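Report on the structure given below.
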Amino acid sequence: MAVSSAPGKVYLFGEHAVVYGEPAVPCAIERRATVEVATRSDGRLRVDAGDLTLDGFTVEYGGDGAPDVDVPESLVEAATGYVDGAVEQAREAADAPEIGFDVAIESAIPLGAGLGSSAAVAVAGIDAATRELGVELPPEELAERAYRVEHGVQDGEASRADTFCSAMGGAVRVEGEDCRRLDAPSLPFVIGYDGGAGDTGALVAGVRELREEYDFAADTVSAIGDLVRQGERALDENDLDELGRLMDMNHGLLSALGVSARSLDAMVWAAREAGSRGAKLTGAGGGGCVVALDETEATRTALHYTPGCEEAFRAELDTDGVRQEGG
Ligand code: PMV
């Protein structure tokens, strides 16, 4: 049996614009998905997702039989797509095309909420499954293989940001195929979660249409790129006030592109009024999470009392990427 975990992430800056080749800076957070893998000789795959902050389910499939489940198919498809992809990547990397697995997933990262839960499951899954087969992959290769999984499941609408960040940990910079780690100070992230999720594919398609129809939208995407470059300097200089100001502006630009939501705006304003250095939505938008910078408890408390905010929590920058758990 092998067990690995990988972190979720927030976007400090640059989501959506990264799809058009602008740079983005995602940061790993101390909320992890843990995947336990054991081989089985009958070629079948059993996935037990007991704690995905959704109703748990167990599904057994592979070999001849159809999946044997009792939960909605869309949920099973979404979750099993990433696990299937991770298993496929591990079989290929270890040259063991016929091997079966028992997979158990536990995750403290809300699903589909802009915190990179699927990337964390894919990265940790490939790492645990390959180690179980006696193969040790470097984090860069895990990131690349997990990216292929996301790319496949999301019909080609994925950037390398989530998977690279989850594999490497810390703050990273992603611009097209150029992915690297950044030196970053410890960042006091506070996250507000509205309990919902956005449809990443539909939101990305919406921005694409807007960008084709209106010059202002294309200009907004490049303005986000400029803002990210300024943000990198602020990160380098450890200037939290400037980082906060730029996060506020990034949220405004994302709103102009139509990807915010009433619940996200309400949480962003609650964070600002509580004295956070800045706040923005994180990830695809439409619902899910906002991220604020505040080293005090004020923002978390304010979010806690904000209508529409289901959960507010602190999540420091996690400098660890994928790692082996247990013995
Ligand atoms: O909501 P998430 O964590 O899937 O982030 C999506 C980020 C986008 O930039 C909108 C798309 C992408 O793959 O980069």
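Could you tell me which residue of region 184-210 is most open to solvent (accessible area, probe 1.4 Å), considering only residues that are in a helix (DSSP H, G or I) and away from the ligand (no atom under 13 Å from the Cβ)?
Only one residue tops the list, namely GLU209.
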With the checklist (1) within 14 Å of the ligand (Cβ to nearest atom); (2) more than 21 Å from ARG31 (Cβ to Cβ); (3) outside any loop (DSSP other than H, G, I, E, B) in hand, flag the one item GLU157 doesn't pass.
(3)
Of the numbered conditions (1) open to solvent by 30 Å² or more (accessible area, probe 1.4 Å); (2) more than 15 Å from the ligand (Cβ to nearest atom), GLU175 satisfies every one except a single condition; which is it?
(2)
Just to be sure, is SER117 within 12 Å of the ligand (Cβ to nearest atom) and open to solvent by 20 Å² or more (accessible area, probe 1.4 Å)?
no
Of the conditions (1) modelled with pLDDT of 85 or more; (2) under 30 Å from LEU281 (Cβ atoms), LEU52 satisfies every one except a single condition; which number is it?
(1)
Looking at (1) at pLDDT 95 or above; (2) open to solvent by less than 20 Å² (accessible area, probe 1.4 Å), can you tell me which one GLU232 breaks?
(2)
Within region 272-311, count every residue that is away from the ligand (no atom under 16 Å from the Cβ) and either in a loop (DSSP other than H, G, I, E, B) or open to solvent by less than 50 Å² (accessible area, probe 1.4 Å) (or both).
22
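The values are calculated or read from the model by the stated rules, or taken from the named source; none is laboratory data. Values in this document were obtained by computation on a predicted structure and should not be read as measured data. So basically every Cβ, Gly included, is an ideal-geometry build from the backbone, and we count neighbours across all protein chains shown. Ligands, DNA and RNA are stripped out before the accessible areas are found, and what is left, the full protein with its side chains, is counted by its heavy atoms. Shrake-Rupley method; radii C 1.70, N 1.55, O 1.52, S 1.80 Å.
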